[in-house]
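What follows is a single structure, written as structure tokens, with notes after it.
Each reported figure results from applying straightforward, stated rules to the coordinates on display, with no laboratory input. Worth saying up front: this structure is predicted, and the values here are computed from it rather than measured. Note that each Cβ is placed from the backbone with ideal geometry, even for glycine, and that neighbours are counted across all protein chains shown.
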Amino acid sequence: MDEANNNSIANNVARAIVAAFDWNSTPDARKAAVSYLESIKAGDIRVLANTSFCLVKKDWSSEIRLHAFKMLQHLVRFRWEDFGPLEHRNFANATFELMSEIADNSEEWALKSQTAALVAEIFRREFLNLWQELLPSLVSLSSKGPVQAELVSMMLRWLPEDITVHNEDLEGDRRRLLLRGLTQSLPEILPLLYTLLERHFGAAMNEVGRQQLDIAKQHAAAVTATLNAVNAYAEWAPLSNLSKYGIIHGCGFLLSSPDFQLHACEFFKLVSPRKRPVDDSASDFDSAMSSIIQILMNVSREFLVRSSPAGGAIDESDYEFVEYVCESMVSLGSSNLQCIVGDSTTFSLYLQQMLGFFQHFKLALHYQSLQFWLVLLRDAMSKPKLSVHSSGDGLTATNVDSTLAQVDEEKRKILSFLNDDICSTILDISFQRMLKKEKLMTETALSPGILELWSDDFESKGDFGQYRSRLFELIKFIASNKPLVVGAKVSVRIIMIIKSLLNSPMPAQDLAVMESMQMALENVIISIFDGSNEFAGGSSEVHLALCRIFEGLLRELLSLNWTEPALVKVLGHYLEAMGPFLKYFPDAVASVINKLFELLNSLPFIVKDPSTSSARHARLQICTSFIRIAKAADKSILPHMKGIADMMACLQREGRLLRSEHNLLGEAFLVMASTAGIQQQQEVLAWLLEPLSQQWMQIEWQNNYLSEPLGLVGLCSERAFMWSLFHTVTFFEKALKRSGTRKGNSNLQNSSTAISTPHPLASHLPWMLPPLLKLLRGIHSLWSPSVFQMLPGEIKSAMSMSDVEQSSLLGGGNPKLSKGALTFVDGSQFDMNKEGYIKPNEADIRNWLKGIRDSGYNVLGLSTTIGDPFFKCIDIDIVALTLIENIQSMEFRHTRLLVHSILIPLIKSCPLDMWEVWLERLLHPLFVHCQQALSCSWSSLLHEGRANVPDNHGILTGSDLKVEVMEEKLLRDLTREICSLLSTIASSGLNASLPSLEHAGHVGHVDTSSLKDLDAFASSSMASFLLKHKSLAIPVLQISLEAFSWTDSEAVTKVCAFSAAVVLLAIFTNNVDLREYVSRDLFSAVIQEIQAPGRFYSPSHVLAPMTYMPLKKP
């Protein structure tokens, strides 16, 4: 190509570069320029090379030159193979000369960086051929001056990029060749880097001394570039090489230089977590790592001395550097502790330094070291795991025992260094740091002083809850290892806090410290008294000492005469935390129970505004404490059941116990009874339910409010009775959850007894369920168009979603609850005689409707799990009327809840001989409606961008983006629930007779002579039963087909289980329609799903069985 033509092309390319990156250019001009540049890159490579080399010259602007360098890099990376060997050599030489020119002319940094990247790219392509040839030239160039040294270091930094950064454009073989070549060349690369560090650091210091600052900056830039290059090798180069050629020593020396310490520390951050090799180089690795440990410990010691109260002030700029140092120290202890533990003196000093970081007032340093202490204690206290491979390596039982003993000995050695002083310091700091800065209202004697507490400003560290959980985990580890130290520490601190509060003029404002310690106490007691710890439950001196410690603490708590609601709530939490201790110290149970009742009676019963009253919430908290203590104290609380019952009866007679409180105490009774056995549960249930049944079974209220749809309007105007019904239903729910055989108590030997023993609530279902079904049917009818149009405006408004529900659909956190939402928790708090009649508002009605629906659905779903007693005590016609009569008027959110809470448990529990009676009645109208509703909404979403769910009353109408998001969430939720229902129908437990592919052998088809009718499987296969009934099969098969086209991977995953069962039945039955559906419709739907763009899941367990389908119809 002649020079004139080359210059012409270069001018055209230059103009295109300017136009492409000039925002003043018109869109068409930019588009044309980009298109022209792409054509050049894709065109003749020699034209591309000549043009690019022309444009990198100094005659052109920086913008053009930078783009020309990128074009050269593109050529080397993607079109290098189009050149011949001679052209490769000429290209490399031209590039190397270009690097020399760039260095000599002192170009700007971006141009130097791109030049270095280009040379490195060529080396990566031709490393084995070029490295030895050009190495002398590189060394010579680097010795000319600081600018040249900087450029060579830049190139060396880019050289291993394809090793340190995964690059999909680089094939595996090329990457391995590059790694091998670079590893073999480390004896030349690393000494060169060390020489450059030493030479230019010394030169920089000398020039600063001579006040030649401009020259000093050039040398400093060379040092920085060299450190960056060193860090590119730190992650993968053998540690022995880094030590042998002085890199570790050089970077360690530079840690003392304020100008270079951050870059030098980056090196140690990279090498500290390196894993110890298992080959012969392990000893060299240990030696190098020991040097790193000493370097970092020296830096840490110097910092900790300077930051101590007697060491003088620390400059704020030092903390970023020390954070890096601390992070490296943590990595050393977490990944290479074996290199530290070997020397007892070193290990002891290391632990003291990590303790210094842990107790440092700077949160960042404390947070870093917390990770180390967690890893150390977690590993030291875990049981050793030995991996045994059947590789014929002669591993014997003796060798295994020897290895395990060695591991145990190493763990004991580590724990022996964690003396009482270290553990006490960790505990002191942990206790102080459990408090968030924003929670500390006033400075007290118990305030953490200069400690930098967690604040909302520390977003980069994560969530405070996660941080505090790590502190709790650390405390639990120490409690398991040194229970007496932890027990004494936590007890002394809590007693000190109590005394401080007793002397405070406004203790309620100083509660933050007390509140922060409650969870610490809870974790300590759980760790010591959870039953798995050797110290709990025995008669050892340690156990007795622990009991004395916590008995003293409990005595202090019981002596408090707090009556302010905030203080009472905290005290209740503390008594809850003592629950596991009470299991091993039953003598104190009576005192705790009496104290809880004393606290309950100390709070006012009648409050003006129960939804915001702290006293009201405190009363509920104390009642909840009974439940938690009953769980934790286990059998220790059984002797006190009668006393609790008598006190409850007394409070009820005196009118000082509200229904919500009675329900909570009743639930505590159920927890106690579950420990005592079935007979005790039956007696307790009879005692608790008998008063409820008297009101619940009355015909009068059912006739007044449930005989016709608008009767509920009258009920919603009777606030007291409305909430009384709510509490009755919620107690039914709690009774069902708490009754029956306790999980974990049954075993194979008594399983037959458990089956023959009736559920303690079975005899109560006949009177519990009929009124509930009527109540739910009435609620469902409110949404039917004929009833809805006659409802008062207040009830219509109450049928819409609450702010909490809408926020949940939008994926946000729960907003602050409104008064009405809080009222939902304890609806009947008002004393109606003294407060007078108060008409419920919209929020009350909304919360009541939601509460009755949620708890009522749960009561029905839990009742089905009792089995035969449920299905025999209730008429399917009544159940169908309640659940299905108004299914077409239900909102998606309610249908989803109905399926989840009632229908899925029902089909799991339905006896085989009742499938015919129950399943078709309930599932047919559900599937027909859901198939139509889901199909319509998904079609709208996929084609119009909006789901348009038929929730007319749930959410506001309009085109608001939030409404569209909520609608789509409602659609996806119902879709997934229906698919879950199908997945349950196809589950193995409900399909005992469904054959597997193993029955077909390992051939490619099934013998058609062995095929059976669907009826042969329908008696014990729910999937087969469903397919046998066409009224059920048609909508279900349509849903399973369409689900593959709906863009919801979770729904597809669930429906695949059902579709796989359908395929199996098509294989093993002679049903022609079913086989045609699978081979034509289902197969096509699955293939389309797999081919759809953006899919990252494959329904292979549906496709695989299809290979067994007969090729011809039988």
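Close amide H pairs (under 5 Å, H built 1.01 Å from N) link Lys1012 with Thr1069, Asn1070, residues at least 5 positions away or on another chain.
Among the listed pairs Lys144/Lys217; Lys275/Lys413; Lys569/Lys734, which are separated by more than 18 Å between their Cα atoms?
Numbers: Lys144/Lys217 16 Å; Lys275/Lys413 22 Å; Lys569/Lys734 23 Å.
Distance filter (> 18 Å) returns Lys275/Lys413; Lys569/Lys734.
Database remark: amide H of Asn991 closer than 5 angstrom to the amide H of Met1022 (H placed geometrically; neighbours at sequence offset of 5 or more, or on other chains; Pro and chain starts carry no H).
Summarising the label geometry, the points placed 7 Å from Cα in the beta-carbon direction at Ala992 and Arg46 lie 8.3 nm from one another.
Between the helical axis of 511-529 and the longest alpha-carbon principal axis of the chain there is an angle of about 90 degrees.
Taking trypsin sites (Lys or Arg not before Pro) across segment 642-721, the ones in a DSSP loop with at most 16 further Cβ atoms lying within 10 angstrom of their Cβ are Arg656. The radius of gyration of the Cα set in the chain, together with its Dmax, comes out at 38.0, 112 angstrom. Angle of helix 842-864 to the longest C-alpha principal axis of the chain, folded into 0 to 90 degrees and rounded to 10: 80°.
Sites counted here are GluC sites (Glu not before Pro) in a DSSP loop (not H, G, I, E or B) having no more than 12 other Cβ atoms within 10 Å; the longest part of the chain that contains none of them is 655-1114. To the nearest ten degrees, helix 915-944 and the longest principal axis of the Cα atoms of the chain are 40 degrees apart. Here each label is just a point 7 Å from Cα along the line to Cβ, and for Arg89 and Asn841 those points are 9.1 nm apart.
With θ taken as phi - 60° and the Karplus curve 6.51 cos²θ - 1.76 cosθ + 1.60 applied, the whole-hertz 3J(HN,Hα) list for segment 703-708 is 5, 5, 10, 10, 6, 8 Hz, x standing for glycine and proline. Residues whose amide H comes within less than 5 Å of that of Trp454, counting only those at least five positions distant or on another chain, are Lys437 (H built at 1.01 Å from N in the peptide plane).
In terms of its C-alpha gyration tensor, segment 419-530 has an oblate overall shape, because the principal axis ratio a/c (a ≥ b ≥ c, square roots of the eigenvalues) is not below 1.5 and a/b does not outweigh b/c. For segment 1-81, what is the relative contact order in percent, using Cα pairs closer than 8 Å and at least 6 residues apart in sequence? Worked out over segment 1-81, it gives 29 percent. Of the trypsin sites (Lys or Arg not before Pro) found in segment 232-286, those that fall in a DSSP loop while having at most 12 other beta-carbon atoms within 10 Å are Lys275.
Each residue, Phe1083 and Ser8, gets one label point 7 Å from its Cα in the Cβ direction; the gap between the two is 6.2 nm.
Peptides 28-34, 250-256, 1022-1028, 843-849 ranked from most to least packed give 1022-1028, 843-849, 250-256, 28-34, packing being the mean of other C-beta atoms within 10 angstrom over each peptide's residues.
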